[in-house]
Each structure stands twice: as structure tokens, then as C-alpha cells.
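A.B. asks: If you scroll down you'll find the structure; I have some questions about it.
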Amino acid sequence: MSRPGPAGDRAGSGGGGRSLTGSGPSGASRAREYARLMRLHRPIGALLLLWPTLWALWIAAEGPPPLAILAVFVLGVWVMRSAGCVINDYADRGLDPQVERTRDRPLAVGTVRPREALGLFAVLMLAALGLVLTLNWTTVALAAGATVLAVVYPFLKRVTHLPQVWLGVAFGWGIPMGFAAVTGTVPPLGWALLLTNVFWAVAYDTMYAMADRPDDIRAGSRSTAILFGRADRAMVGAFQLATLAGLAAIGWQLDFGAAWYTGLVAATCLGLYQQHLIRVRDRGGSFRAFMNNNWLGGAIFLGLAAEYAVR
């Protein structure tokens, strides 16, 4: 997951800055820059993709899913997240130098050239294709949607203040794919869980956008943080409540018990802590609140896994 981040001619031209070609660095240096481009040093985005995928797999299988399917999805999450970061930074190579948090990204400083990034993206997408082809054809068909979601997302911040909604669908697309892989179909419950994930993603990615809001306004990027303005905390709270209400309704429909609702109580406490972190809307607090959502997603999964374990 990578957000609006912003502008400079040297990255956009694919020329200037430090280069990995010519007189350049070793293969190890090149690999390190590719790893940075894929955000392998920052796993938070992959984890926010992984948690809802695991929710879906456990619900679809009514407990731990088949190991082969689980392995494909865990690997697929990391591959698709890496691909998403690469195509995001390619799209934002002229914007990232304008944002404090993103100005040292490889494409922004020229340590990776745009054509190299496109090649890496193609390799990652081929790897994802190889993984999904081990699953049934319903899942393969849904995977095509995942590709569209990943490619389109980086460009939305230029035309709408709601890229976070698209991100929620992209980061939750493992939900219908998980149901399809285990059961061969996507029940209404699967789509309800996807909608719930959209609520959660809008909440956490708005916190993320709050950290970059001054830079984004200068660069002309759009986000829910800019759209909500001084109502940002209230709107984040509303989406957090919608997430918890959606998960509670799913638990009620599945006749879940104490373990599930204990996980939701823990998630509620984490949501309140996030509200505390964003209370003054500073860059550091907003980013810490965003990062804390890893624990929220994990708390929900632990409650879910415990629920099936005690049945």
C-alpha cells in the first residue's frame, strides 16, 4: 500500500539522480534498491492485506483452510503487495519528491529507473499468475479483478478525493478470492465481509493520509483526509464503528460466541487508542495510528481462530 506521495523532473524523466546502471553499483546494491521499491523493509501493507484474507479463508473453511491454499494466499499477498508498491511508485515518480515521507524512494531519487520498475512489476505479476493458476477457475477469474484494482489505484488520487475507498476494495479482494478458492463460490457473507473491510481501510488510510495532508495539498493530490478537513477524526471514528458493527453482524449471522466478541472488544480498544493518537493531527501520531491497525486486524483474526478452535 502506498499512498499519494509526490514531484520532481529528474525522477519523472528516468534520468538524473543516482543510477544503478553505467559506472554503478553492484548487483547487491541493485537488489537492495529493488527490495526498497517493493517495500520489503516495511511489511505493514502486506499485513493489512493478509488479515482480511485470513478472515475469509478461516470462515470459508470453518477453521484452518487446506495448507496448500493457505500457502498460495500468503505468498500471493506478499507478491501482490510488492507489485502494488512498484506500480504506485512508478505512477508517483513525479510526485514523491514533494512529500517529506516519500522523497527518498528509489524512483524519486533515481536509484531505480522507470523502465526497470515496469520490468519488476511484470515479473511480480507473472509470479502472482503462477500462484493463482494452482487454484480453481473461479479464483483465477477473480484474480483478474485484483490486477485491475492494483493498476488503477495509484492514478485515482489525481481525479477523486476517495482513493481510500478503492484501496479498501483492493486490500480486501483476497476475501472473495479466499471464499472462491475454498468453496468454489462467493456467498453474500463474503461480499459483506469485503464491504466491512472497505470501511476499515477508509479509516486506516485516512489516518495515513492525515500524515501527508500538507504535502498532498501543495502537490495537488487528493485524499479523504483533505475531503473531510476538520471532520477527519469524526469520520475516521464513524468508519471504525461501521467496521466493528459489520464484524459483529457477521459474527451474529455465523452464531459466533465469546472468543469472536473478545477479539472485537480488543479491536475496539485499539480503535480508541488510534483516536487518541490522531487527536492533534500531527504527522507522527497519525502515522503511528495507521501502523497500529496491524494489531487491530490481528486481534480480529485471533478471535476468529479461537472461535473455530473451541467449537
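The values are calculated or read from the model by the stated rules, or taken from the named source; none is laboratory data. In this text, all values refer to a predicted model and were calculated from it rather than measured experimentally. All Cβ positions, glycine included, derive from the backbone under ideal geometry; neighbour counts span all protein chains shown.
A.B. asks: In the stretch 36-70, which residue that is of a type in the set (Gly, Ala, Ser) and touching a helix residue (DSSP H, G or I) at 6+ places or on another chain (Cβ under 9 Å) is surrounded by the fewest Cβ atoms within 10 Å (Cβ to Cβ)? Outline the logic, then answer.
C.D. replies: Going residue by residue through the stretch 36-70, those that are of a type in the set (Gly, Ala, Ser) are 45-46, 56, 60-61, 63, 68.
If we keep only those that are touching a helix residue (DSSP H, G or I) at 6+ places or on another chain (Cβ under 9 Å) as well, we get 45-46, 56, 60-61, 63.
Numbers: GLY45: 21, ALA46: 22, ALA56: 28, ALA60: 24, ALA61: 18, GLY63: 14.
Restricting to residues being of a type in the set (Gly, Ala, Ser) and touching a helix residue (DSSP H, G or I) at 6+ places or on another chain (Cβ under 9 Å), the top hit is GLY63.
A.B. asks: Here is a list: ALA231, ALA180, ALA192, ALA225. Which entry is over 15 Å from the mean Cα position of the chain (by Cα) and free of Cβ contacts under 8 Å to residues at least 12 places away in the same chain? It would help to see each step written out before you state the result.
C.D. replies: On the way: ALA180 fails: free of Cβ contacts under 8 Å to residues at least 12 places away in the same chain; ALA192 fails: free of Cβ contacts under 8 Å to residues at least 12 places away in the same chain; ALA225 fails: free of Cβ contacts under 8 Å to residues at least 12 places away in the same chain.
None of the others qualify; the one that does is ALA231.
A.B. asks: Are there any pairs with C-beta distances below 7 angstrom linking a residue in the stretch 290-311 that is more than 18 Å from MET207 (Cα to Cα) to a residue that is of a type in the set (S, T, N, Q), with the two at least 6 apart or on different chains, and if so which?
C.D. replies: GLY303/THR262
A.B. asks: If you check LEU270 against the conditions, is it under 20 Å from the mean Cα position of the chain (by Cα), crowded, with 18+ Cβ neighbours inside 10 Å and part of a helix (DSSP H, G or I)?
C.D. replies: Numbers: under 20 Å from the mean Cα position of the chain (by Cα): yes; crowded, with 18+ Cβ neighbours inside 10 Å: yes; part of a helix (DSSP H, G or I): yes.
Against the criterion (under 20 Å from the mean Cα position of the chain (by Cα), crowded, with 18+ Cβ neighbours inside 10 Å and part of a helix (DSSP H, G or I)), LEU270 qualifies.
A.B. asks: Taking the criterion of being touching a residue at least 60 places away in the same chain (Cβ under 8 Å), within 19 Å of GLY220 (Cβ to Cβ) and crowded, with 23+ Cβ neighbours inside 10 Å, would at least one residue in the stretch 108-117 satisfy it?
C.D. replies: So the first thing to find is which residues in the stretch 108-117 are touching a residue at least 60 places away in the same chain (Cβ under 8 Å), and the list is 108-117.
Cutting the leftovers down to within 19 Å of GLY220 (Cβ to Cβ) gives us 108.
Those still in the list that are crowded, with 23+ Cβ neighbours inside 10 Å too: 108.
There is at least one residue in the stretch 108-117 that is touching a residue at least 60 places away in the same chain (Cβ under 8 Å), within 19 Å of GLY220 (Cβ to Cβ) and crowded, with 23+ Cβ neighbours inside 10 Å.
A.B. asks: Quick one: which residue in ALA170, ALA146, ALA209 is farther than 30 Å from GLN275 by Cβ, under 14 Å from the mean Cα position of the chain (by Cα) and touching a residue at least 12 places away in the same chain (Cβ under 8 Å)?
C.D. replies: Working: ALA170 fails: farther than 30 Å from GLN275 by Cβ; ALA209 fails: farther than 30 Å from GLN275 by Cβ.
Only one candidate passes the filter, namely ALA146.
The rows are residues; the columns are (1) in contact with a Gly (Cβ under 8 Å, 6 or more places away or on another chain); (2) surrounded by 18 or more Cβ atoms within 10 Å (Cβ to Cβ).
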position	(1), (2)
ASN136	yes, no
ALA141	no, no
GLN164	no, yes
PRO176	yes, yes
THR185	no, no
LEU193	yes, yes
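A.B. asks: Right, LEU75: without any contact (Cβ under 8 Å) to a residue 24 or more places away in the chain and more than 25 Å from ALA209 (Cα to Cα) or not? Give the steps one after another, and end with the answer.
C.D. replies: On the way: without any contact (Cβ under 8 Å) to a residue 24 or more places away in the chain: no; more than 25 Å from ALA209 (Cα to Cα): yes.
Spelling it out, it is not the case that LEU75 is without any contact (Cβ under 8 Å) to a residue 24 or more places away in the chain and more than 25 Å from ALA209 (Cα to Cα).
A.B. asks: Also, quick follow-up: Looking at ASP282 and the list (1) closer than 22 Å to ARG101 by Cα; (2) surrounded by 19 or more Cβ atoms within 10 Å (Cβ to Cβ); (3) of a type in the set (Asp, Glu), which single condition is not satisfied?
C.D. replies: Exception for ASP282: condition (2).
A.B. asks: Please give the number of the condition GLY84 fails out of (1) under 18 Å from LEU40 (Cα atoms); (2) surrounded by fewer than 19 Cβ atoms within 10 Å (Cβ to Cβ); (3) in contact (Cβ under 8 Å) with a residue 60 or more places away in the chain.
C.D. replies: (2)
A.B. asks: Of all residues in the stretch 226-247, count the ones that are buried (at least 16 other Cβ atoms within 10 Å of the Cβ), aliphatic (A, V, I, L, M) and over 21 Å from ALA209 (Cα atoms). Steps first, answer last, please.
C.D. replies: Just the residues of the stretch 226-247 that are buried (at least 16 other Cβ atoms within 10 Å of the Cβ), to begin with: 226-228, 232-233, 235-237, 239-240, 242-244, 246-247.
From what's left, aliphatic (A, V, I, L, M): 226-227, 235-236, 242, 244, 247.
Add one more test, that the residue is over 21 Å from ALA209 (Cα atoms), and what stays is 244, 247.
Matching residues across the stretch 226-247 total 2.
A.B. asks: Further question on the same structure: Among what's in the stretch 11-33 and is among the hydroxyl-bearing types (Ser, Thr, Tyr) and either modelled with pLDDT of 95 or more or not in a helix (DSSP H, G or I) (or both), pick the residue that is surrounded by the fewest Cβ atoms within 10 Å (Cβ to Cβ). Full working, then the answer.
C.D. replies: From the stretch 11-33, those among the hydroxyl-bearing types (Ser, Thr, Tyr) are 13, 19, 21, 23, 26, 29; that's our starting set.
Keeping just the survivors that are either modelled with pLDDT of 95 or more or not in a helix (DSSP H, G or I) (or both) gives 19, 21, 23, 26.
Numbers: SER19: 15, THR21: 9, SER23: 5, SER26: 9.
My answer is SER23.
A.B. asks: Write out, first by first residue and then by second, each pair whose Cβ atoms fall under 6 Å of each other, whose residues are 6+ apart or on separate chains, and whose first residue, in the stretch 243-259, is within 15 Å of ARG311 (Cα to Cα) while the second is buried (at least 19 other Cβ atoms within 10 Å of the Cβ) and not small (Gly, Ala, Ser).
C.D. replies: GLY251/TRP260; PHE256/GLU307; ALA259/GLU307
A.B. asks: Does LEU227 meet the test of being more than 28 Å from VAL99 (Cα to Cα) and of a type outside the set (S, T, N, Q)? First the steps, then the outcome.
C.D. replies: Values: more than 28 Å from VAL99 (Cα to Cα): no; of a type outside the set (S, T, N, Q): yes.
So LEU227 does not fit the description; no.
A.B. asks: Being at pLDDT 95 or above, farther than 26 Å from PRO163 by Cβ, touching a Phe, Trp or Tyr at 6+ places or on another chain (Cβ under 9 Å) and not aromatic (Phe, Trp, Tyr): is that true of GLY263 here? Can you show your working first?
C.D. replies: Details: at pLDDT 95 or above: yes; farther than 26 Å from PRO163 by Cβ: yes; touching a Phe, Trp or Tyr at 6+ places or on another chain (Cβ under 9 Å): yes; not aromatic (Phe, Trp, Tyr): yes.
When the stated conditions are applied, GLY263 passes them.
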